[in-house]
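A.B. asks: Below is one structure. I have some questions about it.
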């Protein structure tokens with residue numbers, strides 16, 4: 001069984017050895033598809049021969065990472081799971097380092113100049129109404145201006161450090177019945193107006209929702225692509241609402257939950 005000697009970086013051991021990477025991938029595939037493991041499918045997915053997969057599986061079984069019983073039936077052992085988890089943690093830590101510490105330092109972030117800025121100015125970066133701004137005042141996130149810009153222009157910020165102060169917006173979801181169930185005529189318009197008070201962006205899903213919003217005295221900010229538009233807006237800290245026909249309601253809630261966003265439900269259908 002390959003081992004890591006004392007003082008040796010486990011990441012370097014994993015990344016510099018194509019064999020170790022392949023062992024890791026095959027063990028993950030076995031764990032995902034156990035107990036009925038199709039070596040041909042693993043071979044096609046990884047771009048190696050079925051004979052190579054068979055050899056790797058036999059080696060992993062010899063190392064105690066896999067238990068084999070019956071033809072084509074395998075199960076990852078406790079030791080195998082621990083080995084996968086340890087290596088997955090190493091790779092996750094490395095990916096975090098790349099995205100947060102390396103890429104962030106070389107990336108240029110676009111922002112709106114809150115005042116006249118000069119190349120080389122050290123500025124504070126913050127979010128307002130869903131957009132990044134750069135100003136000479138200190139913020140939790142700081143960066144360096146790469147070119148002159150006047151107030152209101154887009155400006156490039158490099159060497160960004162710290163955390164940008166940011167709070168995700170809440171999505172208010174308002175259910176509207178399809179026309180077969182009364183459409184916009186069955187919506188509590190006064191209640192809708194109260195829910196929408198202070199909301200920065202409103203989207204509609206379905207013609208009935210669009211008509212109900214107009215009846216309440218407001219035009220939609222997004223008519224098509226409202227679901228993803230609301231998710232994107234909420235990620236940027238914008239308070240938003242989506243009027244959505246009842247048959248699309250449940251799927252949209254699942255989308256919000258998968259995105260990890262906060263939402264409130266408002267059933268304004270009149271009995």
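A.B. asks: Please go through region 218-257 and pick out each residue that is in a loop (DSSP other than H, G, I, E, B) and within 14 Å of residue 204 (Cα to Cα).
C.D. replies: Going through region 218-257, the residues in a loop (DSSP other than H, G, I, E, B) turn out to be 218-221, 223-225, 236-239.
If the condition is that a residue be in a loop (DSSP other than H, G, I, E, B) and within 14 Å of residue 204 (Cα to Cα), then 218, 219, 220, 221, 223, 224, 225 are the ones that fit.
A.B. asks: Moving on. May I ask you to list the residues in region 125-158 that are closer than 23 Å to residue 239 by Cα and part of a strand (DSSP E or B)?
C.D. replies: Those that are closer than 23 Å to residue 239 by Cα and part of a strand (DSSP E or B): 125, 126, 127, 128, 131, 132, 133, 134, 141.
A.B. asks: Given the options 251, 188, name the one that is modelled with pLDDT of 90 or more, farther than 27 Å from residue 111 by Cα, under 24 Å from the mean Cα position of the chain (by Cα) and outside the structural domain of residue 139 (by TED's automatic domain parsing).
C.D. replies: Going through 251, 188 in turn, the sole match is 251.
A.B. asks: So in region 126-139, with the set limited to residues that are touching a strand residue (DSSP E or B) at 6+ places or on another chain (Cβ under 8 Å) and in contact (Cβ under 8 Å) with a residue 24 or more places away in the chain, which one is surrounded by the most Cβ atoms within 10 Å (Cβ to Cβ)?
C.D. replies: 132
A.B. asks: Look at residue 241 and say whether it is surrounded by fewer than 21 Cβ atoms within 10 Å (Cβ to Cβ) and modelled with pLDDT of 95 or more.
C.D. replies: It is false that residue 241 is surrounded by fewer than 21 Cβ atoms within 10 Å (Cβ to Cβ) and modelled with pLDDT of 95 or more.
A.B. asks: Can you tell which of 199, 123, 150 is surrounded by 14 or more Cβ atoms within 10 Å (Cβ to Cβ) and at pLDDT 95 or above?
C.D. replies: That would be 123, the only listed residue that is surrounded by 14 or more Cβ atoms within 10 Å (Cβ to Cβ) and at pLDDT 95 or above.
A.B. asks: Next question, about the same structure. Would you confirm, using the coordinates I've provided, whether residue 164 is more than 30 Å from residue 268 (Cα to Cα), under 24 Å from the mean Cα position of the chain (by Cα) and part of a loop (DSSP other than H, G, I, E, B)? Give the derivation first.
C.D. replies: Values: more than 30 Å from residue 268 (Cα to Cα): yes; under 24 Å from the mean Cα position of the chain (by Cα): yes; part of a loop (DSSP other than H, G, I, E, B): yes.
Criteria met by residue 164.
A.B. asks: Identify, from the list 202, 176, 195, the residue that is touching a residue at least 12 places away in the same chain (Cβ under 8 Å), outside the structural domain of residue 129 (by TED's automatic domain parsing) and farther than 29 Å from residue 128 by Cβ.
C.D. replies: Of the residues listed, the single one that is touching a residue at least 12 places away in the same chain (Cβ under 8 Å), outside the structural domain of residue 129 (by TED's automatic domain parsing) and farther than 29 Å from residue 128 by Cβ is 176.
The values are calculated or read from the model by the stated rules, or taken from the named source; none is laboratory data. These figures come from a predicted structure and were not determined experimentally. Glycine also receives a Cβ, built like all others from the backbone with ideal geometry; neighbour counts cover every protein chain displayed.
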